[in-house]
Amino acid sequence: MFLRVAASIILCVSITLNAFPGLLRKGTFTPASYEGYELTLADGSTLYMCLTGDRAIFESSENREYNITLSKCKTLKTVRTFTRGGTTFDLELASSMSEDELYYLTLTYEAFGRSVDNGNNIIFKSGDNIYFWKSPNYDYNLKSCEEMWTDEESLRECLESQNDIECDDPVLIGYSDRICEGAADDWEKVYRIYVYIAHEMAYDNDEAGGDTGGYQDSAVDVIRDGKSICEGFGNAFAALCRAQGIPAVVEFGIGMGSYEDMIGYTPSTDDYADHAWAAVYLGDKWYFVDPTYDMSRYYNGPNDIEVYENATLYYLLPLESFSNDHRILDADTTHCQPTAGYCGDYATYEITRDGVCYISGYGRLQMPDDVNGFNRIVFTEDCYIDEIGEWCFDDCDLLTTVVLPDTVIRIGDYAFNTCEDLEYVYIPEGCESIGTQAFCYCDELCYARVPDSVVSCGSWAFDDCPRLYLSVPSDWSYIASDYDLQPMYIEVRN
């Protein structure tokens, strides 16, 4: 997931959980719509947590000991610590809290012979009572997660190889088998995979802070290199899980990297994905994991690696707590929620369950901002689309081939920006203009032909496409002179 403003591409640049900058917003916080939710622990056991009056009440499915920390969200300053055991216990918390603060309630326990954390549970005090904090993301995420289906066919799709998730690659399978060797069950396998990525790999600050895209973040590349940025970690996690027969997907959305961002964020239809993580299916549920937010090593260049304390605060989180600082835009699944609507003044779309987007009508095509999870575009025989609008298919990661109808004469700015799986595009003879960054960051694009009819081609139209064989007319021989990353080969036609 790349945009040209490289410094702000991905919120996970150098994010650590050691500091949440930003000023505290005074005033009354809004309670969440739920009084409690179930936490699933690393080994599959559960702990139900609810708030009532001035205290938190816990019901554990197993008799085990928990260390619980109450800390301020803004500063991470510890307020109180508790040690409790058994299957049922409660904590009086209100007397230790102020009304103008949000607090983390973090649980630490033993699993697989290691200390494991559960974090991101955010509470506040109002009067004499305590409540879960209402994040503006939660209600939105409920809708976004509707495509996280659990039927047999959908789960089988989440075991198949995809671009950048090469779960059938022998190298990747070998790594997955070594990581999971001797694991007792799927719960332990997934935990080992997560720890391997979050604590043994490194976040690539050097790449994330650069100005050049085309970053190769396939699972195999990430594992061989030992470092990446957020999408690469998601790809590696999903592929390593799939290699063990465990369904997993990469998800895209927005990550709030600071306290100020978290409490001040308001969802908007103009939002675009700046972060990636993963989800895994265990037992009978989907759980969210974000290895980037638990990353303990940061690569700043050769011989310069920062190391922080290990954490698993973002492992197997339920939607309630994950939503506190994550907004889910879409999951990288090959199926789709069937839907239909307008995609221009005179054009309509219909998306089927198998991920095909049928386009009908005429005039300018403009897909809605939050509709991008389909894997194929079919223009119906009677459609007469003459313009692909700005940002129309931006970030449609699952598209592999696009054949534009012969009626198209204009391709707008950023029309296919960051379509990372796109391998081939047909631009019809008769097309007159291609916009700025129209195909930028399509890092799998292998072939494109700029027809002789094109009289205007915007800046960086095919930039950061490292595999691209680009055929251009003689008038466009200098098309890539200012590119950050040149196409693999440019054919100049006479």
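The values are calculated or read from the model by the stated rules, or taken from the named source; none is laboratory data. On a predicted model such as this, the values are computed, not experimentally measured, just so you know. Positions of Cβ are backbone-derived with ideal geometry, glycine not excepted, and every protein chain shown enters the neighbour counts.
For (1) in a strand (DSSP E or B); (2) surrounded by fewer than 20 Cβ atoms within 10 Å (Cβ to Cβ); (3) touching a residue at least 40 places away in the same chain (Cβ under 8 Å), each residue gets a yes or a no:
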| site | (1), (2), (3) |
| --- | --- |
| 244 | no, no, yes |
| 261 | no, yes, yes |
| 266 | no, yes, yes |
| 270 | no, yes, yes |
| 281 | yes, no, yes |
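Name every residue in the range 296-351 that is among the acidic types (Asp, Glu), in a loop (DSSP other than H, G, I, E, B) and loosely packed, with under 14 Cβ neighbours inside 10 Å, in order of residue number.
309, 345
Could you pull out the residue among 165, 229, 223 that is within 19 Å of the chain's Cα centre (by Cα), surrounded by 15 or more Cβ atoms within 10 Å (Cβ to Cβ) and more than 22 Å from residue 308 (Cβ to Cβ)? The conditions single out 165.
Taking the listed residues 115, 176, the one that is exposed (fewer than 15 other Cβ atoms within 10 Å of the Cβ) and closer than 30 Å to residue 300 by Cα is 115, with no other qualifying. Only one of the listed residues (347, 276) is under 22 Å from residue 242 (Cα atoms), small (Gly, Ala, Ser) and out of contact with any His (no Cβ under 6 Å at 6 or more places or on another chain). That residue is 276.
Residues that are within 17 Å of residue 146 (Cβ to Cβ) and either hydrophobic (A, V, I, L, M, F, W, C) or crowded, with 20+ Cβ neighbours inside 10 Å (or both) are absent from the range 357-370.
Please pick out the residue among 247, 267 that is farther than 22 Å from residue 441 by Cβ, of a type outside the set (A, V, I, L, M, F, W, C), under 18 Å from the mean Cα position of the chain (by Cα) and at pLDDT below 90.
267
The condition (being out of contact with any Lys or Arg (no Cβ under 8 Å at 6 or more places or on another chain), acidic (Asp, Glu) and not assigned by TED's automatic domain parsing to the domain that holds residue 276) is satisfied by just one residue among 320, 350: 350.
Here's the yes/no breakdown for (1) in a strand (DSSP E or B); (2) out of contact with any helix residue (DSSP H, G or I) (no Cβ under 6 Å at 6 or more places or on another chain); (3) modelled with pLDDT of 95 or more:
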{"site": "116", "(1), (2), (3)": "yes, yes, yes"}
{"site": "132", "(1), (2), (3)": "yes, yes, yes"}
{"site": "138", "(1), (2), (3)": "no, yes, no"}
{"site": "156", "(1), (2), (3)": "no, yes, no"}
{"site": "175", "(1), (2), (3)": "no, no, yes"}
{"site": "179", "(1), (2), (3)": "no, no, yes"}
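Identify, please: which residue in the range 25-66 is of a type in the set (Val, Ile, Thr) and either at positive phi or modelled with pLDDT under 95 (or both) and is, among those, farthest from the chain's Cα centre (by Cα)? Filtering the range 25-66 for residues that are of a type in the set (Val, Ile, Thr) and either at positive phi or modelled with pLDDT under 95 (or both), the one farthest from the chain's Cα centre (by Cα) comes out as 28.
Inside the range 439-452, residues that are under 21 Å from residue 413 (Cβ atoms), part of a loop (DSSP other than H, G, I, E, B) and without any contact (Cβ under 8 Å) to a residue 40 or more places away in the chain make up a count of 5.
Residues in the range 67-114 that are over 22 Å from residue 257 (Cα atoms), under 31 Å from the mean Cα position of the chain (by Cα), assigned to a strand (DSSP E or B) and not charged (D, E, K, R): 67, 68, 108, 109, 111.
Within the range 461-494, which residues are in contact with a Phe, Trp or Tyr (Cβ under 8 Å, 6 or more places away or on another chain), outside any strand (DSSP E or B), loosely packed, with under 14 Cβ neighbours inside 10 Å and not acidic (Asp, Glu)? Hit for the range 461-494 is 488, nothing else. Yes or no: residue 293 modelled with pLDDT of 95 or more, among the hydroxyl-bearing types (Ser, Thr, Tyr) and in a loop (DSSP other than H, G, I, E, B)? Considered against the rule, which asks whether it is modelled with pLDDT of 95 or more, among the hydroxyl-bearing types (Ser, Thr, Tyr) and in a loop (DSSP other than H, G, I, E, B), residue 293 comes out as yes. Among residues of the range 461-472 that are closer than 10 Å to residue 486 by Cα, those with a beta-carbon under 8 Å from a residue that is surrounded by 24 or more Cβ atoms within 10 Å (Cβ to Cβ) and acidic (Asp, Glu) at least six positions away or on a different chain give the pairs 464/443; 465/443; 466/443; 467/443. Looking only at residues of the range 137-157 that are buried (at least 17 other Cβ atoms within 10 Å of the Cβ) and out of contact with any His (no Cβ under 8 Å at 6 or more places or on another chain), we find that the one that is nearest to residue 95 (Cα to Cα) is 138.
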